[in-house]
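Below: one structure, written as structure tokens.
The values are calculated or read from the model by the stated rules, or taken from the named source; none is laboratory data. Every value quoted in this text rests on a predicted model; they were computed, and no experiment measured them. Cβ coordinates were reconstructed from backbone atoms using ideal geometry, including for glycine residues, and neighbour counts include every protein chain displayed.
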Amino acid sequence: MKNSSAVIKRKNPKMTASKKLFIIIFGLPTFLLYFYISILPMLKSIRTSFYDWSGYSSDMTFLGFDNYKEILSDTIFLKAMVNDLTIIFWKEILITVLALLFALAVTRFKLKKPEVAFIRFLFYIPDILSIIVISTVWLFIFNPNVGLLNGVLQALHLDFLIPVNGWLTGGTLMPSIIFIAVWSGIGYFMIVLIAAINDVPKELYESAEIDGAGQWRQLIYVTIPNIWSQIRFVMVTILFSSISSNMTLIMPLTNGGPDNASMVMGLYAYTVGVDPAVSRVGYANAAAVILMIISFTVSFVFNHLLAKKDDK
Amino acid sequence: MYRKKANKKIGRSVGSAFARTGLRIFLLLWSITILLPIVWLVYSSFKDNREFYASPWTLPSELRFENYVSAWDSANISAYFLNSIILVVGTLFLFTLLVTTTSYILAKYKTFFTKIFKVFYFFAMMIPSSLLLVPLYFQFYELNLTNNLFVLMVIYAVQGIPLPIFLLSEFMANIDDAFIEAATIDGASEFVIFSRVVLPFVKPILFFLCLGNIMGTWNEYVTALTFLKDEALYTVPIGISYLVNQMNYRVEFGSLFAALVMAMIPILILYAIFQKQILNGMGTSDGLKG
């Protein structure tokens, strides 16, 4: 502390009282607000996860690790964990591959200018729409009575593809959800990868071409190594954001149903906490704490693994 | 040898033409999955229930604008719009104030506290706010402040600041100190330097961050759903989910679709006008450059 202030004095001799006041005015209220809105709830969720607490009263009973033990043997939570992992697995593969493909199409495939402009404009649209608009529209597309999908399939005489009990149930439930998650999740990553590919120096491609490398080899030996850090960003961001985005997508779509078949962990923790019929806030917070630990650890490990590959 | 090379080149260009055609077909199919739902939503919003049940994908027999009138008036979308606009304006004001001020001191004042703040906001970027919704809700429930647009405004403005602070302070740090020193010699106060010298330099990125904030607030669903229980305070997304839930009792597909179209329009207009700023800003928002 003494050292650092000495350095500052040398660097910036006019660190006057008014400047210090200025820093406090500009920084402290924001920090306190952020602490109150984001850090305090996190600390509270950790503390209350050791209690039996309804949230609506001040009665709290200390339980130790009982909430944690119960949540890890809760069949709905375990089912939700499997669902989360399934969705994340397919999102990782499909979003990364499709975002890269679309970015390559825009930058490297020598499509016509209007085509490129059209793709860039259109493919980003699912990202700017509200999740409630997206889910309601897809609910109607999948609707068994008035839905667009069944109507189109009937018009094409492909009736045999229509599931008898509807799309958002049984064997078509998870694939439908995964499709919507991928569909609505590509835009941003495509834009990031387009920017990354455009930043690769043109000379690298020229010299690769002189060496006789075709488009495919240019992709493997020039494009991908040069945008590896952005691909890593895409994969880690999908992993990190999915616990939340799975919850916000499924809540308006199926709300975890039918019969918890599409339940995900974030939604379960939310429902158990907020639903007045259940209202086990301590239990919900134990689930949330487990989720935070999982997503921090997995992202950290994943980032580390991909970084190692980068060094080779 | 020469011939062999020429052949190989022909083979390659045929192959890539083939690949390009395949790619075009795939891109076209993917475009349809985005365009068709939107187009379907728009033209279906002019249908009546009988037409919906008769055939889900045919065009309406006439343009029933009364669906829009009924959504706007009797389904109360006008009130939801007003709430959403109040929320967007208030959040934007607070967000801009908080982000610009903190970014500035993080970028240009290297003191013990600003360094701590910097590390703090960097790690805060990783906090998944949707998992903190339950404790946050009960934190405000104790104060009896859950049914409150102003509280929601503060939550929106504050929760989203770490990444914008990270990006904006990077841009501010790149401003040449000579400009600031010159202004100081001219006798400008700290606040004048901030508002007249620093902010104009970061206008493009700040504008992008504000657009993102507007769209995010307009679209936000889960937090608003948790906090707002009073129908008079509903925002557009909550209003829509309310209409969808009501469908179990009384189905008016046309006006529900009209409501969805109206919820989309402001965002699509904003996107169409500022597409360049949004896409360019998004391209650099991974923070991996420089």
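For the reader, a short list of remarks on this structure follows.
- When region B:117-148 is filtered for residues that are part of a loop (DSSP other than H, G, I, E, B) and either at the interface with another protein chain (Cβ under 7 Å from one of its Cβ atoms) or farther than 25 Å from residue A:60 by Cβ (or both), the ones remaining, listed by number, are B:125, B:126, B:127, B:128, B:148.
- The one condition in (1) without any contact (Cβ under 8 Å) to a residue 60 or more places away in the chain; (2) crowded, with 20+ Cβ neighbours inside 10 Å; (3) closer than 30 Å to residue A:298 by Cα that residue A:105 fails to fulfil: (3)
- Hey, residue A:79 modelled with pLDDT of 85 or more, more than 25 Å from residue B:191 (Cα to Cα) and either within 9 Å of chain B (Cβ to nearest Cβ) or surrounded by fewer than 12 Cβ atoms within 10 Å (Cβ to Cβ) (or both) or not: no
- Search result, residues across region B:101-110 that are buried (at least 22 other Cβ atoms within 10 Å of the Cβ) and either free of Cβ contacts under 8 Å to residues at least 40 places away in the same chain or not small (Gly, Ala, Ser) (or both): B:102, B:104, B:105, B:106
- In region A:26-73, of all residues being at negative phi, in contact (Cβ under 8 Å) with a residue 12 or more places away in the chain and assigned to a loop (DSSP other than H, G, I, E, B), the one that is farthest from the other protein chains (Cβ to nearest Cβ) corresponds to A:65.
- Only listed residue being more than 19 Å from residue B:199 (Cα to Cα), in contact (Cβ under 8 Å) with a residue 60 or more places away in the chain and within 19 Å of the chain's Cα centre (by Cα), chosen from B:92, B:152: B:152
- Number of positions in region B:246-275 that are facing chain A (nearest Cβ under 10 Å) and part of a helix (DSSP H, G or I): 14
- Only one entry in A:199, A:159, A:211, A:259 is within 13 Å of chain B (Cβ to nearest Cβ), of a type outside the set (A, V, I, L, M, F, W, C) and without any contact (Cβ under 8 Å) to a residue 60 or more places away in the chain, namely A:199.
- Qualifying residue in region A:227-234 (condition: out of contact with any helix residue (DSSP H, G or I) (no Cβ under 8 Å at 6 or more places or on another chain), closer than 21 Å to residue A:90 by Cα and within 11 Å of chain B (Cβ to nearest Cβ)): no
- Pick from region B:228-237, criterion more than 11 Å from residue B:79 (Cβ to Cβ) and either crowded, with 24+ Cβ neighbours inside 10 Å or not aliphatic (A, V, I, L, M) (or both), ranking: farthest from the other protein chains (Cβ to nearest Cβ): B:230
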